[in-house]
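The values are calculated or read from the model by the stated rules, or taken from the named source; none is laboratory data. Predicted model, so just to flag it, every value in this text is computed and none were measured. Note: ideal-geometry Cβ built from the backbone for every residue, glycine included; neighbour counts use all protein chains shown.
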Amino acid sequence: MSASSPDPAADFVAFMRAHQDRVYSTAVRILADSVQAEDVAQSVFLKAYERFAELRDSPTAIGWLRAVATNLAINHLKRYRRRFVFLGEGQRDDEEPEDLPELVMPDPVPTAVAGTQRHALVEAALRGLPEHQRVPLVLYHFEELSYLQIAERLQISVAKVKTDLFRGRAALLRTIAEQSATSDLLAG
């Protein structure tokens, strides 16, 4: 894709095809809903089209796309959440423990499970988590944001981020262990 291509529309289509899977997977991990993730991915590429002259040959284009996908997915969650929040729901940040240790978890997926199968188990378990646990896990482990960056993006305290990560990892481990046990029973 060179800047002097005679068909910029074809260049953009090629650019979009090259990056659509990464953008979609970023959105679906945060949203846990394929239809909403498709909407977010479409919005990302609309924004990319507006800036295509800058992005076309940029080595940082994928980073930009993932950041926009992350931001749009989080904004989508915030809008959706506001519609369903009732008085008295949720926990106050000052009820959270001040400091939680980093939870180091063993690999819950048996090593005999093939790579794509392992990936599918983790993705399915991740989608089953509640939003307040899934989103920090995705931002921390997949988008590699710090506790502080996650807290700022989600507009919650760092203590709440740590608590949600701790509980999310534990729930993820339980779910994967259950799925692995069920798979073993069905195979045996």
Is it true that some residue in region 17-39 is more than 23 Å from Leu139 (Cα to Cα) and either at pLDDT 95 or above or in a helix (DSSP H, G or I) (or both)? yes
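The rows are residues; the columns are (1) touching a helix residue (DSSP H, G or I) at 6+ places or on another chain (Cβ under 9 Å); (2) of a type in the set (Lys, Arg); (3) modelled with pLDDT under 85.
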{"site": "Gln117", "(1), (2), (3)": "yes, no, yes"}
{"site": "Leu137", "(1), (2), (3)": "yes, no, no"}
{"site": "Arg153", "(1), (2), (3)": "yes, yes, no"}
{"site": "Gly168", "(1), (2), (3)": "yes, no, no"}
Exception for Ala151 within (1) part of a helix (DSSP H, G or I); (2) in contact (Cβ under 8 Å) with a residue 24 or more places away in the chain; (3) closer than 26 Å to Gly63 by Cα falls at (2)
Being crowded, with 18+ Cβ neighbours inside 10 Å and assigned to a helix (DSSP H, G or I) narrows His141, His119, His132 down to just His132
Contact list, first residue from region 158-175 and charged (D, E, K, R), second anywhere and modelled with pLDDT under 90 and not in a helix (DSSP H, G or I), beta-carbon distance below 6 Å, six or more apart or interchain, is Lys160/Glu96; Lys162/Leu100; Arg169/Leu103; Arg169/Met105
By residue number, the members of region 144-154 that are farther than 17 Å from Ala69 by Cβ, buried (at least 16 other Cβ atoms within 10 Å of the Cβ) and not aromatic (Phe, Trp, Tyr) are Ala151
